[in-house]
């Protein structure tokens, strides 16, 4: 016995250790997850998507292609701007840029140098990123907004200096346009001429050549890592790049507007990266960032998987121990109500956020770049919330497993109290609560009287105040007593009304226990109860007599009618030679069968109305039953030229109904459509299904006008054919509706002009 106890103890300790190790593993995985998220987020290419870092080599990456596309665009911009800012291949500050007519006989030409000087004086400059910037907005605002007639703008057309008539332009606009182009020129000149570059190019437009590598030709271009070759003589772009550079051909053709000559374009990127330029730096950064991205993804993946597994283990076994079948709770924390734990969570979170703001963030900012401070602060706060919420969540989980979460909550107490005192209270209880409020008001009044008495100097004044206070209390008590008795009377009347509404028409109140207006109400209520009881008795008696009459008459008719049908059948078997006799026999057989059906319908209608009919509810596939019914009536419908258009779900729809009664409902509806639908028309059968209900719909165009309300058609002996030219008892729809409701369904008739529609709804069975 002792050995078994020790074994159980060891097993318990083992389970306890397993949960401890699972908790430690979860925290380690959480650190991995946070670290991985941080590595990915702080990556320079984070917002560009995973595919941006998918390629193993920089040259195969979208980042490389983006840089190539950018350089090609910049290259052709440079080719367009060379003739504007250069003379004989050198930058020329004396080149004319634009000319304005600033008054009569006052044509002013602006050179590159004058523009630069004007821009400096008015607060403009080009920054280290070759962007047009402003030093002082006030200086910029001093530039006049007057528009001048444009004589020419060398950058505005393809032929150089434009003819007069280009319109008007302000000085500010002209300056910003020209400076923007100058910034692009500076950037390109720096990238392709002054600085060493792994981007090699050669643009040939006839005799005009633009290049930063005189040795670059059709043969040498293939020696570089990446290249692209194109010419005006073909549409094929020869390249080993990942994709064809965007709009290369467009830029090349666009340049022919200025240089209207055949062109050849050679572009190569030295992937050995002998020059320290943007490509060399990009290659190093890409490989480093990709490596970090992979590490981050692996860390996030491992962290998520281990966190999920360890969390699942802790959720499953939280509160469980090997030596106990019930849930083990921490008596110090788990028994605390749920609402208190939520408040503790909020309080701890506020404390953690405050500590993070004053201590944690300041420490992190020492080691983290400024551009990542916001992310680091958020991650610190999120991690704090998670670590604080985790033990509280497990405590709530253990309490839930033990079935005490709702039982121990303050919400339950408040709900029950609120329900008891607000929703379930009687008049007298509500009045009792109001009386407590009244007492509080009286205490306030008493305090007021006391203060008034203290401040009153004369003895007579104090005595009068005291007497008034006593009278105030007496009047309160008298009024409350009267109202309280009235409330008790209303409670009893309300209870009587409730009982009568629930069907107890024999319920009576003792009239001698009430007085005044309440006594009159009680007397009227008792009379109403007696009237209901009498009316119900008469109705029950009348229905019983009608049911008995119908049953007896039907039985009395059925016996001779059966004999008539049998004798008619015997005569028909004799095969009389007289054709007239045979015709009479057929008519007699038809009419007697109709009379038999009418009799059976009467008996069934009587049984349904009296409730004297059994119902055997079972699970039925409505789709299958409708398909069978369609097959049964297809041949019959064809006699009248009717075609069935059925729309039903491919999968079954289960409902709970009596198969025999449901078939009778469908039979009556289909027969009704056969009798009253217009010849050579269509009968539409639909089955609709949602989450809770299944709906059967049958609709057709009536042959005769429907000049009655839908509810009238379900009354007994009412027919849609007012002229009564068709065979029918007028009971089909009434029986169908009664049988549907008897099975718990809903039966509706909708009439829209000559459109007749019946809709039956049943609850679905999953």
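Just so you know, all these numbers are worked out from the coordinates, no wet-lab data involved. Quantities reported herein were computed from a predicted structural model and do not represent experimental measurements. Quick reminder, even Gly has a Cβ in these numbers, built from the backbone with ideal geometry, and neighbours come from all protein chains shown.
Table for the structure above
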{"quantity": "Förster radius 51 Å - calculated FRET efficiency between residue 342 and residue 285 (Cβ-Cβ, nearest 0.05)", "calculated": "0.60"}
{"quantity": "Dimensionless Rg/Rh of the range 326-424 - Kirkwood Rh, Rg from C-alpha atoms", "calculated": "1.19"}
{"quantity": "Rel. contact order, % - alpha carbon contacts under 8 angstrom, at least six apart, the range 615-763", "calculated": "25"}
{"quantity": "Cβ-Cβ FRET estimate between residue 27 and residue 278, R0 fixed at 30 Å, reported to 0.05", "calculated": "0.10"}
{"quantity": "Dimensionless Rg over Rh [the range 216-302; C-alpha; Kirkwood]", "calculated": "1.15"}
{"quantity": "Between the range 613-688 and the range 221-279, the Cα center-to-center distance that results, in Å", "calculated": "74"}
{"quantity": "Distance between modelled label sites at residue 472 and residue 235, nm, 7 Å Cα→Cβ extension", "calculated": "10.2"}
{"quantity": "Footprinting exposure proxy for 96, 504, 658 (fewest neighbouring C-beta atoms within 10 Å first)", "calculated": "504, 96, 658"}
{"quantity": "The range 67-269, Rg to Rh (Cα coordinates; Rh as Kirkwood inverse mean 1/r)", "calculated": "1.03"}
{"quantity": "Square roots of 5 times each gyration tensor eigenvalue, C-alpha, the range 615-763, largest first, Å", "calculated": "24, 18, 14"}
{"quantity": "Centre separation in Å (Cα based) which lies between the range 15-38 and the range 62-134", "calculated": "60"}
{"quantity": "Residue order, fewest to most surrounding Cβ atoms within 10 angstrom, among 53, 307", "calculated": "307, 53"}
{"quantity": "Nitroxide proxy distance, nm - points 7 Å out along Cα→Cβ at residue 369 and residue 681", "calculated": "7.8"}
